[in-house]
Amino acid sequence: MQILGIETSTRAASVAVISDEKILAETVTESPQSFSETLMPLVEDVIKSSGAFGKIDAVAVSIGPGSFTGLRIGLATAKALSYAWRTKIIGVPTLSVFAQNFPFAKVLPLVDAQKNRAYCQLFENGEPVAEAQVKPIDAAIVEAAETGGEIFLCGDVLHKIKIPLPANVKIAPPNLKMPRAGCVALRGKILLDAGQSDNVMNLEPLYIRRAEAEELWERRHGLSAEK
């Protein structure tokens, strides 16, 4: 099975093609240009490099939580490709993409949720041991440390950590800090092999929290910002 993976949940966009469990091609960019300008050229590059033109069986896309704009662009692109190619589509929760790099360890992904908060979820041996939540960055680390055992931190807010790290908490190696499209595709294959797939018309981003603009609108109109 050949799967195209798309990851746009953070400041870096990446696209990859896998064949079964082998990554055939992968490209990553942190271009200052909008993902709307750079994503399709990345797709074209990996399709060409992998030789997978006309051979993609499914599209796996990171659905969040993460950057609202990035997720919308990534999902729209994945849907368009899936529809045009008449292939399956599978949405992959972004935090689980980090766990793909740590199949035999504990990992706490921390993805920017603004206001010194992070989307976070603790994983052990590749599987979640808690629900995805939005928490203050330092509080999330302390809570995870209390579960015991060695824990790796990854994500795009590690530079915002203000507390000394507990003895059992370590920063992940640079090459494993950020989500990658190859891992999106590999995680997608696991879901597809388990019989899961999504409807190209109904698949939506997993935001967890609402956009800042929505909360601001509610405050201005005297409505509660929390539900």
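Can you report the number of residues in segment 10-57 which are part of a strand (DSSP E or B), more than 25 Å from residue 193 (Cα to Cα) and of a type outside the set (S, T, N, Q)? Counting residues in segment 10-57 that are part of a strand (DSSP E or B), more than 25 Å from residue 193 (Cα to Cα) and of a type outside the set (S, T, N, Q) gives 2.
Matching residues to (1) modelled with pLDDT under 95; (2) over 18 Å from residue 10 (Cβ atoms):
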position	(1), (2)
74	no, no
90	no, yes
95	no, no
103	yes, yes
107	no, no
114	yes, no
119	no, no
124	no, yes
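Does residue 203 count as modelled with pLDDT of 95 or more, surrounded by 14 or more Cβ atoms within 10 Å (Cβ to Cβ), under 17 Å from the mean Cα position of the chain (by Cα) and part of a loop (DSSP other than H, G, I, E, B)? So residue 203 fits the description; yes.
For residue 30, are the conditions met, namely being modelled with pLDDT under 95, touching a Lys or Arg at 6+ places or on another chain (Cβ under 7 Å) and surrounded by fewer than 23 Cβ atoms within 10 Å (Cβ to Cβ)? Answer is yes for this residue. Annotation note: Cβ proximity below 9 Å between a residue of segment 1-20 that is free of Cβ contacts under 8 Å to residues at least 40 places away in the same chain and a residue that is part of a strand (DSSP E or B) and surrounded by fewer than 24 Cβ atoms within 10 Å (Cβ to Cβ) (sequence gap 6+ or interchain) occurs for 19/2. Within segment 35-62, residues that are without any contact (Cβ under 8 Å) to a residue 24 or more places away in the chain sit with their Cβ atoms under 8 Å from residues that are surrounded by 15 or more Cβ atoms within 10 Å (Cβ to Cβ) and part of a helix (DSSP H, G or I), at 6+ positions apart or across chains, in these pairs: 53/47.
The values are calculated or read from the model by the stated rules, or taken from the named source; none is laboratory data. Nothing here was measured: the structure is a model prediction, and the numbers come from that model. We place every Cβ from the backbone using ideal geometry, glycine too, and count neighbours over all the protein chains shown.
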